Amino acid sequence: MVTTSYPRFPGDSVGTFMEPIAKHVARRGHEVHIVAPWHPSITRGKAEDGVFFHFFKYAPVAALNVFGYAAGLQADVKLKTAAWIAAPLAMSAGWFKAMRVAQKRRATVMHGHWVVPGGAIAAAAMPALPLVVSLHGSDVFVAERTPPARVVAQRVFGRAGAVTACSQDLAERAIALGAPPDRTDVVPYGVDLARFKPAPEVRVGLRASLGMPRGAPLLVSAGRLVRKKGFEYLIDALALLERQDTRLALAGDGDLADELQARAAAARVADRIHFLGNLPQDAVGRWFAAADVAVVPSVRDDSGNVDGLPNTVLEALASGTPLVATPAGGIASVIEDGRTGALVPERDARALAAMIDVLLRDPARAAAIGAAARASAGRFGWDAAAERFESAYDRALAFKSLTR
């Protein structure tokens, strides 16, 4: 597996879905090798749970360590200058590392994550091997907006024996770019049902840590502070709620941190918003479980970027907390509106506030939605996702045999 993101240490909030993908594929009896850029925060050993790690260095100076790990895009809207400089160095180093690992370990399938650059590196490293490409969102956006990346993506799609996307929206956008429809499949992410689960015992402690008044409602949201997450609309919604004692705990960090804090101050809700910063996954699970309402206000941003399927959607569902979200990207495909969650239009602070008010006024309805959400989350297990990836490997092997 060639990737530009993988949790750099246990509990890391970057590339969280890559770890369960790799480990659950390994559990099915496969030998999995991860080829990824080196990062100063990495604490991984040589192997964990059947997954072997091969990190490549590429940056001659520390300032160029921006390849992967969500570091190359400015607010997920445009590539940083340093990323343009680092890309050729990292692509070359990644190609060499992937080639050497595949040769030494006698690989039988190359699996590139993110068509650009992971898919491109995997395709170039071992042209003779079957290729699977998995799409996760930002890669398709970059290909749509950047002509050189689009050309590379089209060539990689033509070479791939199987293409997977985490949502139908992402699959359709990839097909528009040149992914073969008959070799493109939707493989939704899974969710760790043991990590994200109802936990009533954490409510008192976490609320006390915020200094919340007794009985005050708590909203929780999480994600990188970038445009496509739509957090500005959630901040505006907080100011419109009937319950003016409602608090919002927002986990995550990113380029828009200062802007969002300024927006909270302008809306006069700064004292009711708690910016928690980056949190390990276990902590995010506890915060979701402690909330009265979880909110995922995702949008398709002005540049056209949108999440394929935010991890936080499945995590909130699994936590048994009633969820208010938008239908952006692949969200509507996993939420049954009115039963397992509530969907409101994108960029509509008033609609967000109105739905949150409905759930806060009707605890019985909120509890029923939370229970149905938890029950529905079981169909998004990582074991099922790994089985789908295994099928993609089989299709890629068959495709390669036909094209020899």
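General remarks:
- Some residue of segment 387-402 being among the polar types (S, T, N, Q) and either at positive phi or touching a strand residue (DSSP E or B) at 6+ places or on another chain (Cβ under 6 Å) (or both): no
- Any hit, segment 103-117, residues being over 23 Å from residue 189 (Cα atoms), crowded, with 24+ Cβ neighbours inside 10 Å and touching a strand residue (DSSP E or B) at 6+ places or on another chain (Cβ under 7 Å): no
- Residues in segment 183-214 that are part of a helix (DSSP H, G or I) and loosely packed, with under 15 Cβ neighbours inside 10 Å: 200, 201, 204, 205, 208, 209.
- If you check 336, 346, 390 for being among the acidic types (Asp, Glu), at pLDDT 95 or above and under 25 Å from residue 278 (Cα atoms), only one passes: 346.
- Hits in segment 252-275 (condition: in contact (Cβ under 8 Å) with a residue 40 or more places away in the chain and either surrounded by fewer than 18 Cβ atoms within 10 Å (Cβ to Cβ) or not aliphatic (A, V, I, L, M) (or both)): 252, 254, 255, 274
- The set of residues in segment 133-149 that are out of contact with any Lys or Arg (no Cβ under 8 Å at 6 or more places or on another chain) and crowded, with 24+ Cβ neighbours inside 10 Å comprises 133, 134, 135, 136, 137, 139, 141.
The values are calculated or read from the model by the stated rules, or taken from the named source; none is laboratory data. Being a predicted model, the structure only gives us computed values, none of them experimental. FYI the Cβ positions are ideal-geometry reconstructions off the backbone, even for glycines, and counts take in every protein chain you see.
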